[in-house]
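Some notes on the structure that comes next.
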Amino acid sequence: MEGAAAAGGNSKGSGLGGLFGVGGVGGPGYSHADLAGVPLTGMSPLSPYLNVDPRYLIQDTDEFILPTGASKTRGRFELAFFTIGGCCMTGAAFGALNGLRLGLKETQSMAWSKPRNVQILNMVTRQGALWANTLGSLALLYSAFGVVIEKTRGAEDDLNTVAAGTMTGMLYKSTGGLRGIARGGIAGLTLTSLYALYNNWEHMKGAVPRQSL
C-alpha cells in the first residue's frame, strides 16, 4: 500500500513537473541552487520556469500597429488641433501680460483702490481675448491651408509650410487692399521660410562639409 501511494505521489509530481517544465517528462528538475545561479542579464539562457527562450520575447519592431499606407508621423490634420490650441493659449498669455502692462501704465496716477483694480482687470481680459483671437485665427487659417495643400500635392514637405504661411498672410490682410495683401504675403513668406530654414539647419550643416570634401 505504501509503495502504491509513493508511486502515485511520484506520478503526480512528474505530471505537474511535466506540465510546468520543471521536472519529470516535460523537462529536467531544478533545485533552488540551480535557479539561484541563473543569470538575469542579457536574457540569453532558457527560462527554467517555462522553457521559453526570452530572446523571442524581445520586440525589435514598433509596438503600434499602423493601418496600411499610414505614415508613422502625424500629418498636418493631426497637428492642426495642437497648433490652434497652442496659439490661442500663447496669445492669451501674451495678451494678459500686455494688458497688465497697459493697465498699470494708464492707472499709475491713481491710488491702489477697487476702481483701479477693476480697470486693470478689464484691460488684462480685453488684451488677452484680443491676442488669443488673433493668433488663433492665424493658426486656423494656416492649418486649413496646410491640410488642403498637402492633400492636393500628395506630399508633405517645407514647400507646404511656406505656401500655407504665404496664403495665410495674404488672406488675413486682404481687407487692406492690394498693398495689405502684398505685405501680409511677404510677412507670411518670411516667417515660414525662417521656420523651414531652422528645421533644416542641421541637415544643411551636414551637407556643406560633404560638398567641400
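Run down Arg210, Arg179 and say which single residue is surrounded by fewer than 15 Cβ atoms within 10 Å (Cβ to Cβ), modelled with pLDDT of 90 or more and assigned to a helix (DSSP H, G or I).
Arg179 is the lone residue from the list that is surrounded by fewer than 15 Cβ atoms within 10 Å (Cβ to Cβ), modelled with pLDDT of 90 or more and assigned to a helix (DSSP H, G or I).
Since Ala92 meets every condition but one in (1) under 30 Å from Gly75 (Cα atoms); (2) modelled with pLDDT under 95, which condition does it not meet?
(2)
Output the qualifying pairs, or none if there are none: Cβ atoms under 9 angstrom, residues six or more apart or on different chains, first residue in the range 82-100 and within 21 Å of Ser143 (Cβ to Cβ), second residue of a type in the set (Lys, Arg).
Pairs found: Phe82/Arg74; Thr83/Arg76; Gly95/Arg126.
From the list Ser174, Ser143, pick out the single residue that is open to solvent by less than 80 Å² (accessible area, probe 1.4 Å) and closer than 21 Å to Tyr195 by Cα.
Exactly one residue qualifies, and that residue is Ser143.
When the range 98-131 is examined, which residues are found to be small (Gly, Ala, Ser), open to solvent by 70 Å² or more (accessible area, probe 1.4 Å) and either within 25 Å of Gly85 (Cβ to Cβ) or at pLDDT 95 or above (or both)?
none
Hey, can you tell me all the residues within the range 146-167 that are free of Cβ contacts under 8 Å to residues at least 60 places away in the same chain and farther than 18 Å from Leu197 by Cβ?
Listed by number, the residues that qualify are Val148, Ile149, Lys151, Thr152, Arg153, Gly154, Ala155, Met167.
Report, by residue number, each residue of the range 101-121 that is hydrophobic (A, V, I, L, M, F, W, C) and either free of Cβ contacts under 8 Å to residues at least 24 places away in the same chain or touching a Ser or Thr at 6+ places or on another chain (Cβ under 6 Å) (or both).
Those that are hydrophobic (A, V, I, L, M, F, W, C) and either free of Cβ contacts under 8 Å to residues at least 24 places away in the same chain or touching a Ser or Thr at 6+ places or on another chain (Cβ under 6 Å) (or both): Leu104, Met110, Ala111, Trp112, Val118, Ile120, Leu121.
Yes or no: the range 126-134 includes at least one residue that is assigned to a helix (DSSP H, G or I) and without any contact (Cβ under 8 Å) to a residue 24 or more places away in the chain.
For the range 126-134, residues assigned to a helix (DSSP H, G or I) and without any contact (Cβ under 8 Å) to a residue 24 or more places away in the chain: absent.
What number goes with the only condition from (1) at pLDDT below 90; (2) loosely packed, with under 10 Cβ neighbours inside 10 Å that Asn199 does not pass?
All conditions pass for Asn199, except number (2).
The values are calculated or read from the model by the stated rules, or taken from the named source; none is laboratory data. None of these values were measured; they are calculated from a predicted model. All Cβ positions, glycine included, derive from the backbone under ideal geometry; neighbour counts span all protein chains shown. Note: areas computed on protein heavy atoms with side chains; ligands, DNA, RNA excluded. Shrake-Rupley method; radii C 1.70, N 1.55, O 1.52, S 1.80 Å.
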